[in-house]
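Peer 1: Take this structure, written in structure tokens, and hold onto it; I'll ask about it next.
The values are calculated or read from the model by the stated rules, or taken from the named source; none is laboratory data. None of the values given here were measured: they were computed from a predicted structure. Glycine also receives a Cβ, built like all others from the backbone with ideal geometry; neighbour counts cover every protein chain displayed.
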Amino acid sequence: MEDSEIIQLYWDRSEQAIAETSGKYGSFLCRIAWNILRSHDDAEECVNDTYLRTWNAIPPARPGAFQTWLGRITRNLSLDRWNREQAQKRGGDETALLLGELESCVPSPHRTEQHLEDQALADLISSFLRTLPKESRVIFLRRYWYGESLESIAAFLGCSSGKVKSSLFRTRGKLRIYLEQEGVSL
């Protein structure tokens, strides 16, 4: 079923919309949540919460890129859950590692006017990513948006994890320089 047809089911308030969304994007959403949470139960709960958020948002929303929109909801819900769990237990894991990798090239999240600054920062990062060669962009997004491991990215691209690690290191350095040139204080 096409995305526009699924969205129409939400507009019609048909419960079939959730079943169609789950059938088409369920494994994609589970993979995003799993990459962040590393727990099948928590990942499943975040995906179910994604369906609820989608049900409550459509209407009035009519997302243009439905898969990306769903992925963003799942990612945000998963990061929120991960942050809550980390507040309860301070331990290291893969998500802490990948967020830590970006720490040196993005500003601190606790500042006034955060929402507007976050949107401006997101726009700058998007502009930066468009300047990268496709492979570097894919590596960056798979690591920092989808939370994939270095090994998973390397397997997808058919290269070594060392190459992926080097690419990420160079891209973070370029991102830092780009943001500094754009006036973002780090």
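Peer 1: (1) within 25 Å of ARG31 (Cβ to Cβ); (2) polar (S, T, N, Q); (3) modelled with pLDDT under 90: which one isn't true of SER185, the others all being true?
Peer 2: (1)
Peer 1: Which of the residues spanning the range 30-68 are of a type in the set (Val, Ile, Thr), part of a helix (DSSP H, G or I) and farther than 20 Å from TRP82 by Cβ?
Peer 2: THR54, THR68
Peer 1: Could you figure out which of (1) crowded, with 17+ Cβ neighbours inside 10 Å; (2) over 15 Å from PHE66 (Cα atoms) isn't true of TYR25?
Peer 2: TYR25 satisfies every listed condition except (2).
Peer 1: Out of the residues in the range 23-81 that are without any contact (Cβ under 8 Å) to a residue 40 or more places away in the chain and of a type in the set (Lys, Arg), state the one that is nearest to GLU148 (Cα to Cα).
Peer 2: ARG72
Peer 1: Of all residues in the range 125-141, which are under 13 Å from LEU175 (Cα atoms) and touching a Ser or Thr at 6+ places or on another chain (Cβ under 8 Å)?
Peer 2: LEU132, SER136, PHE140
Peer 1: For SER27, are the conditions met, namely being part of a helix (DSSP H, G or I), of a type in the set (S, T, N, Q) and out of contact with any helix residue (DSSP H, G or I) (no Cβ under 9 Å at 6 or more places or on another chain)?
Peer 2: Answer is yes for this residue.
Peer 1: When the residues of the range 147-158 are filtered to those that are within 17 Å of the chain's Cα centre (by Cα) and crowded, with 17+ Cβ neighbours inside 10 Å, which remaining residue is farthest from LEU102 (Cα to Cα)?
Peer 2: SER152
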